[in-house]
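The values are calculated or read from the model by the stated rules, or taken from the named source; none is laboratory data. Treat the numbers as computed from the prediction; the structure is a model and nothing was measured. All Cβ positions, even for glycine, are placed from backbone atoms using ideal geometry, and neighbour counts span all protein chains on display. In case anyone asks, the SASA skips ligands and DNA or RNA and just uses the protein heavy atoms, side chains included. Shrake-Rupley method; radii C 1.70, N 1.55, O 1.52, S 1.80 Å.
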Amino acid sequence: MTVSGRRSFLQAMAGVGFWAMTDKPRPAEAQAAPAWDPSQPLPADLPVPVDDGACRHLPGMPVPSIKLRSTSGRGVDLSAERAPRVVVYCYPRTGVPGQPLLPGWDAIPGARGCTPETCGFRDHHKDLQKLGAEVFGFSTQTTEYQTEMVERLHVPFEVLSDADLAFVHALRLPTFDIEGMTLVKRLTLVLSRQHIEKVFYPVFPPDKHAAEVIDWLRRHPRRG
């Protein structure tokens, strides 16, 4: 290499070094959040929710007579359902494929896993029916939001909307707030004779919860 060529090479390398030192990465808030992909398994390091006592008052309570809008287009009054048992799994919020998760979502104990939980109840729906249980999903999202999920996942049961929080407030269900939304914490109610017979809270892991409910129903057959 000639003297002039060596000088040009060193100058170029110096320029690269200076750019590397001065070009700082974008701050975290300026970087796009990763898009949510429902086909991926749940992260292995999700925080495990603990029982904070927020549902201890529920067993034995009468089911309030409140009409909830359903993804089937009707109003559902859970106190009027006549199935031997009614299973209502309450979840915070399902994601939308290709859209980012809410900020800090995975760090909230019990928040992640609404789609896998719904798929579990979908896949075990016939097993639950054989045990005399009717199934409803429940969240504080609008019916329009829920309908997209029901159609995409081919959910065979109705999902109920409590967007105005009437049912949540009547039973004093535990909630949390994020991004201006009030979301119900993950829990499941087993209703019988217009009363709350059993409460699952906290629920973890969510993708195994339908099997957990089936196991309880088998071990506690309804009498009469």
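Would you confirm, using the coordinates I've provided, whether PRO174 is surrounded by fewer than 16 Cβ atoms within 10 Å (Cβ to Cβ), of a type outside the set (A, V, I, L, M) and touching a Lys or Arg at 6+ places or on another chain (Cβ under 8 Å)?
On the way: surrounded by fewer than 16 Cβ atoms within 10 Å (Cβ to Cβ): no; of a type outside the set (A, V, I, L, M): yes; touching a Lys or Arg at 6+ places or on another chain (Cβ under 8 Å): yes.
Taking the combined requirement at face value, the residue does not satisfy it.
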Task: Pairs where the first residue, in the stretch 167-183, is closer than 21 Å to PRO103 by Cβ and the second is hydrophobic (A, V, I, L, M, F, W, C) and modelled with pLDDT under 95, C-beta under 6 Å, 6+ apart - done: ILE178/LEU102; GLU179/LEU102
Task: Single match in GLU148, GLU117, GLU158, GLU144 (criterion: surrounded by 17 or more Cβ atoms within 10 Å (Cβ to Cβ) and farther than 18 Å from ALA211 by Cβ) - done: GLU158
TODO: Go through the stretch 35-86 and give me each residue that's open to solvent by 60 Å² or more (accessible area, probe 1.4 Å), in contact with a strand residue (DSSP E or B) (Cβ under 6 Å, 6 or more places away or on another chain), under 14 Å from PHE136 (Cα atoms) and part of a loop (DSSP other than H, G, I, E, B).
DONE: SER72
Open item on the list: Quick test for you: out of ALA54, ALA111, ALA80, pick the one residue that is among the small types (Gly, Ala, Ser), more than 18 Å from VAL150 (Cβ to Cβ) and within 12 Å of the chain's Cα centre (by Cα).
Closed with: ALA111
Open item on the list: Looking at the structure I just gave you, is LEU189 within 23 Å of ARG69 (Cβ to Cβ) and either surrounded by fewer than 14 Cβ atoms within 10 Å (Cβ to Cβ) or polar (S, T, N, Q) (or both)?
Closed with: no
Open item on the list: Kindly evaluate GLN31 against the criterion of being exposed (fewer than 10 other Cβ atoms within 10 Å of the Cβ), modelled with pLDDT of 50 or more and either of a type outside the set (D, E, K, R) or farther than 30 Å from ALA107 by Cα (or both).
Closed with: no
Open item on the list: For the stretch 59-75, give me the residue count where each residue is within 21 Å of the chain's Cα centre (by Cα) and of a type in the set (A, V, I, L, M, F, W, C).
Closed with: 1
